[in-house]
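Here the structure is laid out as structure tokens; the discussion comes afterwards.
The values are calculated or read from the model by the stated rules, or taken from the named source; none is laboratory data. Since the model is a prediction, treat every value here as computed from it, not as a measurement. Please note: Cβ atoms are built from the backbone with ideal geometry, for glycine as well, and neighbour counts cover all protein chains shown. Just so you know, the surface numbers come from the protein's heavy atoms only, side chains and all, with ligands and any DNA or RNA stripped out. Shrake-Rupley method; radii C 1.70, N 1.55, O 1.52, S 1.80 Å.
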There are 2 protein chains.
Amino acid sequence: MCANRIYAPIHDIKWSDAEKLVARNAFKNAYGRECKAIQAKLKKMIATASAPSNLWEIHDYLSEQRNQTDEKYDYRYSVLIFVFARLLSEGWLQKNELKGIGEEKMKQIRMEASV
Amino acid sequence: MCANRIYAPIHDIKWSDAEKLVARNAFKNAYGRECKAIQAKLKKMIATASAPSNLWEIHDYLSEQRNQTDEKYDYRYSVLIFVFARLLSEGWLQKNELKGIGEEKMKQIRMEASV
């Protein structure tokens, strides 16, 4: 037990239906944004591909992105605080998109994100 | 032993330096051609991608093509008769690109390719 903990343990935090709606939309928007960025990079890579080996570099890039996004976009309420913190710090999400999520959760998200 | 065999066992076939040069070029050209076709398909897929799931369909497509080409383009002289036969039958190679390869080998390639 951490004597300095001022928030409820993250696993114990309950999400209301209204918060879940906000969270679901924010999550979806961030995911769509990151996928758009991957798509844009992919277009550039394919446009400049000249040698067969470039094709497999594109494949390597997509494999890496798929692994990263699969790991990152984990929509479980028990880890959502960390997920949103990461998305904020990486710029895939803006704080105002989380409007409607309770202040205690937002404090924890900001603290984890250090933004 | 097959009583009807009229050719030397494929594993015993020797390739002259001149034949190796023809084979190497034919192999390289077929590979380049197939990779160009994959690249063209990839461009179409990326141009019409709209949902995030389309990205991973592209990744699945590339994974499949990479596995298939890795398996198909096997430049070992012990299997090259079969490789060329397959490339001819799939249209990645034309018979005239094998000009310079000995008649016994060409018979075996044609027989395997059934072209």
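Table for the structure above
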item	result
Test: residue in the stretch B:52-63 that is under 14 Å from A:I58 (Cα atoms), at the interface with chain A (Cβ under 10 Å from one of its Cβ atoms) and open to solvent by 40 Å² or more (accessible area, probe 1.4 Å)	yes
Selected residue (only one of A:K14, A:K43, A:K99, A:K20 is away from chain B (no Cβ under 14 Å) and at pLDDT below 95)	A:K14
Near pairs, Cβ below 8 angstrom, 6+ apart or cross-chain, from the stretch A:28-45 (open to solvent by less than 90 Å² (accessible area, probe 1.4 Å)) to any residue that is among the small types (G, A, S)	A:Q39/B:A49
Any hit, the stretch B:68-84, residues being in a helix (DSSP H, G or I), over 26 Å from B:A18 (Cα atoms) and either open to solvent by 30 Å² or more (accessible area, probe 1.4 Å) or of a type in the set (D, E) (or both)	yes
Which numbered condition A:S78 fails, given (1) at pLDDT below 95; (2) within 11 Å of another protein chain (Cβ to nearest Cβ)	(2)
Every pair of residues 6+ apart whose Cβ atoms lie under 8 Å, when the first sits in the stretch B:90-115 and is farther than 17 Å from B:K20 by Cα while the second is among the small types (G, A, S)	B:W92/B:A30; B:R110/B:A85; B:M111/B:A85; B:E112/B:A85; B:A113/B:A85; B:A113/B:S89; B:S114/B:S89; B:V115/B:S89
